[in-house]
Amino acid sequence: MTGAMETDRALVERVAKGDRAAVRLLFMRHYARIYRFVARQTGSEMMADDIANEVFLELWRQAPGFEGRSEVSTWLLGIARFKALSLLRKKKEDWIDDEAAAAVPDGADTPEIVAMKEDKSTALRRFIDALPREHRVVIDLAYYQGQSVTEIGEVLDIPVATVKTRMFYARKKLGEALKAAGYDRGWP
């Protein structure tokens with residue numbers, strides 16, 4: 001991979017030396033992936049855009065310290081996750097708390113009607129969104145970002161065994177939710 005297809009690591013080395021064109025190339029390669037990841041974690045496209053842009057400012061600042069122990073994409077997703085969590089913590093006090101939310105009457109369709117209205121992939125996305133954050137992020141990184149178990153551990157800064165445990169429980173919950181909604185399990 002030389003010439004036009006410079007590796008991400010080579011581009012980070014160029015960024016570390018102050019090369020703005022290298023930042024633009026990395027931005028073009030990774031922005032969409034980071035944006036989608038943050039949008040799914042936060043539920044906000046505006047927040048995702050802000051955070052994705054901040055990730056590349058952070059890349060500019062941190063490039064000289066990048067040691068290459070992980071893939072550049074893994075490193076950038078880790079920065080994005082940290083920034084998203086920090087922003088969500090700041091916004092948390094504005095959110096309605098769980099007890100108050102539980103007291104709000106549910107005017108939504110029954111699960112059976114919802115299941116009839118949507119296709120399996122839409123249902124799956126809804127069930128993933130309903131998972132606890134620690135399980136949702138593991139599924140997102142594995143199935144939507146294509147990260148390996150090792151890379152997920154690096155992004156989340158947790159042991160591989162913990163990644164595998166979270167993946168197991170997330171897949172189990174998704175299988176149960178799909179079955180309860182009348183779909184064949186169909187989850188790998």
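Values quoted throughout were computed directly from the atomic coordinates according to the rules given, and no laboratory measurement underlies them. Predicted model only: the values in this text are computed from it and were never measured. Positions of Cβ are backbone-derived with ideal geometry, glycine not excepted, and every protein chain shown enters the neighbour counts.
What the table shows:
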item: Estimated distance in nm for a label pair at Arg69 and Ala21, the labels positioned 7 Å out from Cα along Cα-to-Cβ; result: 3.3 nm
item: Near-label residues of the stretch 17-53 by backbone N, under 16 Å of a point 7 Å along Cα→Cβ of Trp60; result: 17-28, 31, 50-53
item: Inter-site label distance for Ser121 and Arg29 at 7 Å from Cα along Cβ, in nm; result: 2.7 nm
item: C-alpha center-to-center spacing [the stretch 22-78, the stretch 138-188] in angstrom; result: 22 Å
item: Peptides ranked, highest mean first, by Cβ atoms within 10 Å: ranges 56-66, 33-43; result: 33-43, 56-66
item: Long-range tail of P(r) for the stretch 1-86 (Cα pairs > 20 Å, %); result: 29 percent
item: Label zone at Asp50 (point 7 Å along Cα-to-Cβ), backbone N below 20 Å, the stretch 2-42; result: 31-42
